[in-house]
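The values are calculated or read from the model by the stated rules, or taken from the named source; none is laboratory data. All of these numbers come straight from a predicted model, not from anything done at the bench. Using ideal geometry, Cβ is built from the backbone for each residue, glycine included, and neighbour counts are taken over all protein chains shown.
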Amino acid sequence: MSPGRQAMQSARRVVVKIGTNALTNATGRFDRGHFQRLAGDLLEVARTRELVIVSSGAIALGVERLGWTTRPKDIPGKQACAAVGQSRLMQAWEEAFAERGRTVAQILLTHEDVQDRRRYLNARHTLARLLEERVVPVINENDTVSVAELKFGDNDTLAGLVAGLVEADVLVVLSDVEGLYTADPRSDPSAALIPEVTEVTPKVLELGGKSTSGVGTGGMATKVRAAARVAELGIRAVICSGQRPHVLGQVLAGEEIGTLFEPKATPRSARAAWIAHALRARGTVVVDEGARRAVVEQKKSLLPSGIRAVQGDFDKGDPVDLADEAGTVFARGLSAYDADELRRIAGRKSSEIEAVLGYRYLDEAVHRDDLALVGAF
């Protein structure tokens, strides 16, 4: 047993993401028999550990209840299905856990809930209290009201953010495949399962491919990105098949099931991870090579003198991407000035800020404490 697998045995707080594919049968219908078996496995986990569930399935249940033959592709149709199906999904979780005397709590989130720092911290405090009371939170995206700019995009991304939100020890992503393969096992019989990933490189991301099912919104690539993001926080992740009987117990016992993603030896802070992954940029600041090196290699703030162009319309304190002159984004941060002010002081020395703007808030355009490097995921 590898050290990483052995560490799974002592994981105290576990986030389990259950995809639509792990809850439905081959026709895309909700598989109640499998759901009951999976609920039993989750209850066993909750008996000795703190458990948070990120559960898909509301839209699939809504499609079933409305008697539709296929999943809608338009946003109003999906939102209607989510509205009908979410209560049925929570009823299923409530009934399954009540049989063993455990209480569940429904939490519906939009991206706006993690974009705003105060709401992010409020959600964190609520989840912490629920876990103290031995309540199992069941989290889903609020698909009924979410629109493009408020959506996480998929529950893999949501699960990664939740794992950081609750400071989990491990994230287990249940899928319809056994894990990450060297090629797509559906089309390449020689594809081999990758048991462990120590670093998520661009090549590893390429292996994720795209979703091939018609019932879920994510593919293997979104699961790999989620694993990479939690690895930055020092959290292990495992991608495995949700169809395998008793898979959760096997994974948490350290058995070589699925693909294990090892955490980074030096995790980034929760605030840096929030800036890098929870925020969406409202504009882009293009910088010269000297400024890029200062931020990336020397871990310094971005000064106005290194700015070459400012794109978009944003306010002071809004998140912005930092890009080099070729257009490659390498960092994200909170701007100390609004877009028009940055345009006016671009290329100037910090000592000139007050003369140009009539006041000086900071010497930096983006302070080091408000910066986070971003990678391919």
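Inspection of segment 363-376 finds a residue satisfying the criterion of being among the hydrophobic types (A, V, I, L, M, F, W, C), exposed (fewer than 15 other Cβ atoms within 10 Å of the Cβ) and touching a Leu at 6+ places or on another chain (Cβ under 9 Å).
Contact annotation: residue pairs with Cβ atoms under 7 Å, 6 or more positions apart or on different chains, pairing a residue in segment 282-293 that is closer than 15 Å to Val320 by Cα with a partner that is of a type in the set (Phe, Trp, Tyr) and assigned to a strand (DSSP E or B), are Arg292/Phe330. Total residues in segment 56-80 satisfying the condition of being within 16 Å of Thr24 (Cβ to Cβ), assigned to a helix (DSSP H, G or I) and without any contact (Cβ under 8 Å) to a residue 60 or more places away in the chain: the figure is 6.
Among the candidates Val84, Val14, single out the residue that is of a type in the set (A, V, I, L, M, F, W, C) and part of a strand (DSSP E or B). Selected residue: Val14, the only one of Val84, Val14 that is of a type in the set (A, V, I, L, M, F, W, C) and part of a strand (DSSP E or B).
The rows are residues; the columns are (1) assigned to a loop (DSSP other than H, G, I, E, B); (2) assigned by TED's automatic domain parsing to the domain that holds Ile353; (3) out of contact with any Leu (no Cβ under 7 Å at 6 or more places or on another chain).
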| position | (1), (2), (3) |
| --- | --- |
| Val285 | no, yes, no |
| Arg292 | no, yes, yes |
| Lys300 | yes, yes, yes |
| Val310 | no, yes, no |
| Asp315 | yes, yes, yes |
| Gly327 | yes, yes, yes |
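Selection of segment 345-356 for residues being surrounded by 16 or more Cβ atoms within 10 Å (Cβ to Cβ) and among the aliphatic types (A, V, I, L, M) yields Ile345, Ala346, Ile353.
So, of the residues in segment 127-141 that are among the β-branched types (Val, Ile, Thr) and over 19 Å from the mean Cα position of the chain (by Cα), which turns out to be nearest to Val54 (Cα to Cα)? Checking each candidate, the answer is Val136.
Exactly one residue out of Met1, Met8 is under 18 Å from Ile235 (Cβ atoms) and of a type in the set (A, V, I, L, M, F, W, C), and it is Met8.
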